[in-house]
Structure formats: C-alpha cells, structure tokens
1. Starting from the stretch 174-185, take each residue that is touching a residue at least 12 places away in the same chain (Cβ under 8 Å) and of a type in the set (D, E, K, R) and list its partners that are surrounded by fewer than 19 Cβ atoms within 10 Å (Cβ to Cβ) and not in a loop (DSSP other than H, G, I, E, B), counting only C-beta distances under 8 angstrom and pairs at least six apart or across chains.
2. Out of the residues in the stretch 87-102 that are in contact (Cβ under 8 Å) with a residue 60 or more places away in the chain and exposed (fewer than 15 other Cβ atoms within 10 Å of the Cβ), which is nearest to residue 129 (Cα to Cα)?
3. Report, by residue number, each residue of the stretch 67-86 that is among the basic types (Lys, Arg) and at positive phi.
4. With of a type in the set (Lys, Arg), modelled with pLDDT of 90 or more and either surrounded by 11 or more Cβ atoms within 10 Å (Cβ to Cβ) or closer than 21 Å to residue 169 by Cβ (or both) as the only criterion, which of 72, 49, 105 stands out?
5. With a cut-off of at least 2 residues that are polar (S, T, N, Q) and touching a Ser or Thr at 6+ places or on another chain (Cβ under 6 Å), name the strands (runs of 3 or more DSSP E) lying wholly within the stretch 68-178.
6. For residues that are polar (S, T, N, Q), part of a strand (DSSP E or B) and touching a residue at least 12 places away in the same chain (Cβ under 8 Å), tally how many sit in the stretch 46-67.
7. What pairs come out if I take residues in the stretch 24-38 that are modelled with pLDDT under 50 and pair them with residues that are not in a loop (DSSP other than H, G, I, E, B) whose C-beta lies under 9 Å away, six or more apart or interchain?
8. Mind listing just one residue for me: the one in the stretch 144-185 that is polar (S, T, N, Q) and surrounded by fewer than 21 Cβ atoms within 10 Å (Cβ to Cβ) and, of those, modelled with the highest pLDDT?
Amino acid sequence: MPHRHPPSLISLRTWALACLPVLAACAPGLDWREVRPEGANLLLMFPCKPASDARQVEMQGRTFDMRLYACKTSNQSFALSYVDVGDPALVGPALQQMRQSLAAKLAANPAAGAASAVPVQVGGMTPNPQALQQSLAGKLPDGSGTQGAVAVFAHGTRVFQAVVLGAKRDAAAEEGFLNGMKFAS
C-alpha cells in the first residue's frame with residue numbers, strides 16, 4: 001500500500017512550492033518598508049531605510065525649506081524631496097523647475113526627457129498639468145553614467161519630487177517606488 005501524506009501536509013507543500021517563485025522575485029536585495037515623511041501627509045514604500053535631511057533651496061526666486069528622504073541599495077538610489085511653496089500660483093512653475101533642475105544636475109538631454117514625460121497619478125494628489133513622470137539618463141558629478149526616472153507632483157501647495165537612479169534602469173524597483181505612493185485621507 002503506497003504511503004499517503006495527510007491532506008493538510010500536501011496542501012502546505014503545494015502552497016510552499018507555489019510561493020517559491022514569488023518569494024524569489026521579491027528578494028533581490030530590496031527590503032520594502034512603509035514610510036510617512038514628516039509633515040507630508042504622504043505614504044510611500046522605500047526599498048531600504050531612508051535617511052532624512054533638511055536644507056534651504058531657491059525656487060521661483062524665493063528661499064524654501066526642503067525635506068529630503070533618501071536611501072541606496074546596491075544598484076539604485078531612491079529619493080523623495082518636498083517643499084511647501086505656500087502659494088497655489090507657484091505650484092506648476094515649481095514642479096517644472098524641479099524636473100528641469102534635476103535634468104541639469106545630471107547633464108541629461110532635456111529634449112529626450114521631455115519626450116518621455118507622461119502624466120503621473122498619485123492617490124489623493126492635487127491635479128496639475130506639470131505633474132509628470134519622465135525617464136532620465138545622464139552623468140553623476142563623478143562622471144559615471146546614471147539612468148532612471150523622476151516624478152513630480154503636488155498636494156495642495158506642497159510640491160514633491162520622487163527619483164530613482166542607478167547605473168542601469170531597474171523597471172521593477174522604479175515601479176515599486178514610484179507607484180507605491182498615496183496621500184493619507
């Protein structure tokens with residue numbers, strides 16, 4: 001008589017074997033965690049533990065306090081920065097300046113970036129025609145090549161910039177970071 005396993009054991013083994021490919025796909029060095037940046041009313045997923053910083057920046061001829069959350073995995077850098085511009089009339093120009101400023105820092109081809117720009121949707125964001133996501137390719141200050149994506153969007157008078165950069169693009173990491181954001185209700 002053949003040896004039979006109890007049904008619950010077979011179910012558990014089948015389930016475990018079925019989950020192996022999923023678990024392997026989720027484990028390429030990324031440790032996703034939920035982050036709620038201070039004062040942003042935003043919930044997002046970082047694939048590593050972000051450090052936070054604050055600095056002053058010039059935007060639209062004025063000085064603002066900017067908050068920055070960033071982390072780096074072995075292959076990619078992930079960052080979220082945001083500023084409260086305080087005036088609804090400054091939101092669109094500030095979003096545009098954020099994209100252009102990053103492209104300039106990376107010596108990226110602005111025409112190529114603009115051609116790849118598509119509207120971005122973050123749950124609960126304030127709609128704005130300058131809320132866009134685009135691909136980037138350029139050089140870091142040390143001369144090494146980098147590529148990735150940037151998304152800029154707004155919530156009220158706060159403007160946000162989410163960036164993923166690396167030596168090579170990682171579509172899954174970009175998608176997880178850029179599509180994993182939503183504003184708390």
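The values are calculated or read from the model by the stated rules, or taken from the named source; none is laboratory data. Not measured: the values here are computed from a predicted model. Backbone-built Cβ (ideal geometry, glycine too); neighbour counts: all protein chains shown.
1. Listed pairs, sorted by first residue: 182/43; 182/123.
2. Going through the qualifying residues, I end up with 88.
3. none
4. 72
5. 132-139
6. So the count comes out to 1.
7. If the second residue must be not in a loop (DSSP other than H, G, I, E, B), the pairs left are 25/172.
8. Per the criteria, the residue is 157.
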